[in-house]
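The values are calculated or read from the model by the stated rules, or taken from the named source; none is laboratory data. What you are looking at is a predicted structure, and each value in this text was computed from that prediction instead of being measured. Note that we place each Cβ from the backbone using ideal geometry, even for glycine, and neighbour counts take in every protein chain shown. When the accessible area is computed, the model is the full protein with side chains, heavy atoms only, and any ligands, DNA or RNA have been set aside. Shrake-Rupley method; radii C 1.70, N 1.55, O 1.52, S 1.80 Å.
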Amino acid sequence: MKRIAVYPGTFDPVTNGHLDLVDRGRRHFDRLIVAILRNEDKEPLFTVGERVDLLREAVSVWDNVEVDSFGGLLVDYAKRVSATMILRGIRVVTDLESEMQMAMMNRRLCGDLETVFMVPNEAYSYVSSRLVREVARLGGDITGLVPPIVAAALTRRFSATRSP
Ligand code: PNS
């Protein structure tokens, strides 16, 4: 039986911390599906389509990694794609509280689905999509925190709105 895992998230945008986790996770599963939540309530910077394209480009070097988007409950999506595991990252200990809550809620909704936590490289422990967006919006250097295609997309997005 193939071990299929889903790595769900908002990925607005994908960071090198996310990609570090994808690289760790893909070594332990036959297929890893990076699944972007379709939730326009969050007023994302990038549309789901843009995030899918950026992620597809960023993971294209890995054969067993796919990118998809989903709406509704994560457990229902996981069942649809025959995944038996959910992958999530724990950067710092404060991530654990909300991650445990999600893992336990998902277990209540679907007892067969296991949540697996992995720890990204400590070099990325402070990196979040929110901080990357903020630094990029204010013109700071985000080199090394996101893949070059994401840095270019952020520059394009904010150069249109930044005043001279
Ligand atoms: O990158 P994020 O914003 O931390 O990801 C959160 C995400 C997408 C994993 C979470 O919000 C989610 O799974 N949403 C889908 C809706 C759902 O299943 N909710 C109940 C599970 S706690």
Inset, instruction - Check off (1) more than 15 Å from D12 (Cβ to Cβ); (2) out of contact with any His (no Cβ under 8 Å at 6 or more places or on another chain); (3) in contact (Cβ under 8 Å) with a residue 60 or more places away in the chain; (4) within 13 Å of the ligand (Cβ to nearest atom) for L73 and give me the number that stays unchecked. - result: (3)
Inset, instruction - Would you check if there is a residue in the stretch 10-18 being more than 13 Å from the ligand (Cβ to nearest atom) and either at pLDDT 95 or above or in contact with a strand residue (DSSP E or B) (Cβ under 6 Å, 6 or more places away or on another chain) (or both)? - result: yes
Legend entry - Matching entry among R130, R156 (being part of a helix (DSSP H, G or I), closer than 21 Å to Y7 by Cβ and not aliphatic (A, V, I, L, M)): R130
Legend entry - From the options A78, A83, residue that is within 13 Å of the ligand (Cβ to nearest atom) and in a loop (DSSP other than H, G, I, E, B): A83
Legend entry - Selection count where residues are part of a helix (DSSP H, G or I) and modelled with pLDDT under 95, scope the stretch 19-41: 2
Inset, instruction - Filter the stretch 133-153 for residues that are open to solvent by 60 Å² or more (accessible area, probe 1.4 Å), assigned to a loop (DSSP other than H, G, I, E, B) and touching a helix residue (DSSP H, G or I) at 6+ places or on another chain (Cβ under 7 Å) and give the result. - result: none
Inset, instruction - Output the number of the condition that D30 fails; it satisfies all remaining conditions of (1) in contact with a strand residue (DSSP E or B) (Cβ under 6 Å, 6 or more places away or on another chain); (2) open to solvent by 10 Å² or more (accessible area, probe 1.4 Å). - result: (1)
Legend entry - Leading residue by the ranking (farthest from the chain's Cα centre (by Cα)) among those in the stretch 70-129 that are among the small types (G, A, S) and closer than 21 Å to D30 by Cβ: S82
